[in-house]
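The values are calculated or read from the model by the stated rules, or taken from the named source; none is laboratory data. Worth saying up front: this structure is predicted, and the values here are computed from it rather than measured. Backbone-built Cβ (ideal geometry, glycine too); neighbour counts: all protein chains shown.
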Amino acid sequence: MPDPVIPEVGQSAPPIEAAATGGAPFSLAEQIGRWVAVYFYPRANTPG
């Protein structure tokens, strides 16, 4: 697994591709020019 990328304040977010709610694909690059909130949480029954 690659090292995590932590952007500095004011820097653009790194490219993110993941499954959205319902399993639909989500690409942060496709959201350029829109306000987007990306929220992560620990998987159930895992430490964190």
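Cβ-Cβ under 7 Å, sequence separation 6+ or interchain: first residue in segment 26-48 and closer than 18 Å to Pro7 by Cα, partner exposed (fewer than 10 other Cβ atoms within 10 Å of the Cβ) and modelled with pLDDT of 75 or more. Which pairs?
Hits for this filter: Leu28/Pro15; Ala29/Pro15.
Please enumerate the residues belonging to segment 13-32 that are over 20 Å from Arg43 (Cβ atoms) and over 12 Å from the mean Cα position of the chain (by Cα).
Residues satisfying the conditions are Glu30, Ile32.
Note down all Cβ pairs under 8 Å where the first residue falls in segment 1-22 and is surrounded by fewer than 10 Cβ atoms within 10 Å (Cβ to Cβ), the second is modelled with pLDDT of 80 or more and small (Gly, Ala, Ser), and they're at least six residues apart or on different chains.
Sorted first by the residue in segment 1-22, then by its partner, the pairs are Pro7/Ala13; Pro15/Ser27; Pro15/Ala29.
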